[in-house]
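J.: Below you will find the structure I want to go over with you.
The values are calculated or read from the model by the stated rules, or taken from the named source; none is laboratory data. Not measured: the values here are computed from a predicted model. Counting neighbours? That spans all protein chains shown, and the Cβs are built from the backbone with ideal geometry, glycine included.
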Amino acid sequence: MFPNSLMDKFVEDPVVNLDDDNSTTDESGGEEHDELGDKNGPAEVNASGDQYKRITDLTADDIWSLEFGSEEAAYQFYSRYARCIGFAVRKEAIGRDSVGNRNRRLYVCSRHGLRNSKYLTRVDRKRESRPLIRTKCLAKLRIRLDYGTLKWKVSSFVESHNHELTPSKYVHLIPRYRVMTAADKAQIYSFHSYEVRTCHIMGYMVAQKGGHANVGFVRKDLYNYLDVKKRVQVKDGDARTALSYLEGKANSDPMFYSKLVVEDGRLKHLFWADGGSISDFQCFGDVLAFDTTYKRNKYNNPLVIFSGCNHHSQIVVFGCALVENESTETYKWVLDTFLDAMCHKHPKAIMTDGDHAMREAIKHVFSGASHRLCAWHLHNNAFEHVKDSDFLKEFKKAMYSNFTPDQFEEYWRKMIKKYGVENNT
């Protein structure tokens, strides 16, 4: 039915049948494709006339005349059309008749509308917001059900976009079109189980499928998939080894404290503190540093370190925790556990990196403690926002020198007066 030259290049030049069956089919048996459509099969959609056209050659009039056997067939067509043109599709509004049955459907460009303002102004954000990509693009395809023929007909089509379209050689990088099939996952996992390096697995997949554009996913997707697989494999691996080590410490140290949370056979949170650390906190725990900037383990789990300073100005560690994430609830668990380990002794002051979730947890558990930013983060913040090198040198001295309280106040007063920033404090 289709010329071979057209059958061999669906992504760039898929074919539309403007006279045949109204469902989206493959060349061999009319079986409906998955949501994104088969890259190697033609898209057949019923309209008028007796001709075939590549999707990239369709005019607005051609699309206005199309009919579909189902909502899904319309969505598959518009997704294929979008992929060939260089944009992604999002399902939008649904219309219903008086008895609740669907009779209208709207599909829009992924850049349609704007991000809800509540996500831009929320104060409880735990991580940086994603870049804004929506541009109020008006491109859309609206279909409605014809009760006479039971076909879905195009009731509105806007072809133009208010943003640049993605060139065909980069379309495979659009997140909407990055899909790792079950066969891909099985092959990847097989390679990984035989200790083939991840970068070599990606190279093999690219060579096997004839180029990056044909793989269906990018290197980041591959690393993310293998990372998830590793995280759920507890068995007799790292988690078991860590627990065995802590059991040995507990047997040799009667004051040793540890607590863990296991969920669905997976180690979620782990806290530990030895007897020496607990004793140190009783003596030097008035000021507590609470840091989670350490993530250099292969699972990328945050490592929480509780530390302070002894009477020799030396750093002492009071306890540690490995946690699954950096949510407020997780930090509450960590602080409650730390408080229990330290015989419910509360610190008078806590220094952190300013993380919002951490701040909320501290308010809940250590409500009576003063909360301050640590010197390193204050200095780093000044370095990022102030370009006066002389001021930065003096500011660094204020942060790291061993001043008495009176000496610090005097130095600080002179410094801000010298640089005329009295009103900025």
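J.: Identify, please: which residue in the stretch 100-121 is among the aliphatic types (A, V, I, L, M) and either more than 18 Å from the chain's Cα centre (by Cα) or in a strand (DSSP E or B) (or both) and is, among those, surrounded by the most Cβ atoms within 10 Å (Cβ to Cβ)?
T.: The first filter runs over the stretch 100-121 and keeps only residues among the aliphatic types (A, V, I, L, M), leaving 106, 108, 114, 120.
Filter again for either more than 18 Å from the chain's Cα centre (by Cα) or in a strand (DSSP E or B) (or both), leaving 106, 108, 114.
Details: LEU106: 18, VAL108: 20, LEU114: 11.
Once the filter is applied, the top-ranked residue is VAL108.
Conditions tested, residue by residue: (1) touching a helix residue (DSSP H, G or I) at 6+ places or on another chain (Cβ under 8 Å); (2) more than 16 Å from SER277 (Cα to Cα); (3) at pLDDT below 90.
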position: ARG296; (1), (2), (3): no, yes, yes
position: ASN310; (1), (2), (3): yes, no, no
position: ILE315; (1), (2), (3): no, no, no
position: ALA321; (1), (2), (3): yes, no, no
position: LEU335; (1), (2), (3): yes, no, no
position: ILE350; (1), (2), (3): yes, yes, no
position: ASP353; (1), (2), (3): yes, yes, yes
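J.: Right, another one. When the residues of the stretch 265-293 are filtered to those that are out of contact with any helix residue (DSSP H, G or I) (no Cβ under 7 Å at 6 or more places or on another chain) and small (Gly, Ala, Ser), which remaining residue is surrounded by the fewest Cβ atoms within 10 Å (Cβ to Cβ)?
T.: So, considering only residues that are out of contact with any helix residue (DSSP H, G or I) (no Cβ under 7 Å at 6 or more places or on another chain) and small (Gly, Ala, Ser), the one surrounded by the fewest Cβ atoms within 10 Å (Cβ to Cβ) is GLY265.
J.: If SER327 satisfies every condition in (1) of a type in the set (Gly, Ala, Ser); (2) free of Cβ contacts under 8 Å to residues at least 40 places away in the same chain; (3) surrounded by fewer than 16 Cβ atoms within 10 Å (Cβ to Cβ) but one, which is the exception?
T.: Checking SER327 against (1) of a type in the set (Gly, Ala, Ser); (2) free of Cβ contacts under 8 Å to residues at least 40 places away in the same chain; (3) surrounded by fewer than 16 Cβ atoms within 10 Å (Cβ to Cβ), the one that fails is (2).
J.: I would also like to ask the following. Could you tell me whether the stretch 122-140 includes any residue that is of a type outside the set (Ser, Thr, Tyr), surrounded by 10 or more Cβ atoms within 10 Å (Cβ to Cβ) and part of a helix (DSSP H, G or I)?
T.: Scanning the stretch 122-140, I find no residue that is of a type outside the set (Ser, Thr, Tyr), surrounded by 10 or more Cβ atoms within 10 Å (Cβ to Cβ) and part of a helix (DSSP H, G or I), so the answer is no.
J.: Within the stretch 98-136, restricting attention to residues that are in contact with a Phe, Trp or Tyr (Cβ under 8 Å, 6 or more places away or on another chain) and free of Cβ contacts under 8 Å to residues at least 40 places away in the same chain, which residue is nearest to VAL158 (Cα to Cα)?
T.: TYR107
J.: Here's another thing I want to ask about it. When both residues are 6+ apart or on different chains and their Cβ atoms are under 6 Å apart, which pairs have a first residue that lies in the stretch 59-70 and is within 15 Å of SER160 (Cβ to Cβ), and a second that is of a type in the set (A, V, I, L, M, F, W, C) and not in a helix (DSSP H, G or I)?
T.: The qualifying pairs are ILE63/PHE157; TRP64/VAL154; TRP64/PHE157.
J.: Still on this model: Please verify whether ILE55 is at negative phi and crowded, with 20+ Cβ neighbours inside 10 Å, treating the condition exactly as stated.
T.: Spelling it out, ILE55 is indeed at negative phi and crowded, with 20+ Cβ neighbours inside 10 Å.
J.: What is the number of the single condition among (1) surrounded by 14 or more Cβ atoms within 10 Å (Cβ to Cβ); (2) out of contact with any helix residue (DSSP H, G or I) (no Cβ under 8 Å at 6 or more places or on another chain); (3) modelled with pLDDT of 85 or more; (4) not aromatic (Phe, Trp, Tyr) that GLU394 does not meet?
T.: (2)
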